[in-house]
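Accompanying notes for the structure given below.
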Amino acid sequence: MDGKKRLEEERIEYVEEQVVVPANVTAQIFWLKNRRPEKWAGVPEGTRAEEHDDDGLLEALSAAADISPPDDVEMLPEEEDNNAEK
């Protein structure tokens with residue numbers, strides 16, 4: 001060979017590519033509120049905290065927080081903080 005190109009061939013190939021664009025939740029909310037404001041604007045009925053029935057969970061949790069550990073459980077001694085200001 002003498003170092004020269006003997007044949008050059010170009011071929012353009014077209015392919016379809018499916019591009020996935022991540023959802024933009026803020027844009028979806030904006031679109032819904034503007035399209036049907038009577039349905040999507042504001043807080044839905046029945047979701048406010050004061051509207052939920054009280055099933056006693058808060059009282060049970062506060063009562064459980066006030067219970068001291070059983071007598072047969074040894075508590076770890078509190079460590080002294082050497083870095084505390086005196």
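Read-outs throughout are calculated quantities, based only on the coordinates presented, and are distinct from any laboratory measurement. Everything quoted here is computed from the prediction, not taken from an experiment. Please note: Cβ atoms are built from the backbone with ideal geometry, for glycine as well, and neighbour counts cover all protein chains shown.
Can you give the FRET efficiency to the nearest 0.05 for residue 55 and residue 32, using r as the Cβ-Cβ distance and R₀ = 41 Å?
Using R0 = 41 Å, I get an efficiency of 0.80.
Between residue 64 and residue 12, 0.36 nm times their residue separation minus their Cα-Cα distance comes to what?
Working: separation 52, 0.36 × 52 = 18.72 nm, distance 7.30 nm.
Full extension from residue 64 to residue 12 adds 11.4 nm.
Given a Förster radius of 35 Å and the C-beta distance between residue 21 and residue 41 as r, what FRET efficiency does 1/(1 + (r/R0)^6) yield to the nearest 0.05? Don't skip to the end; give the middle numbers.
Details: r = 26 Å, r/R0 = 0.75.
E between residue 21 and residue 41, to the nearest 0.05, is 0.85.
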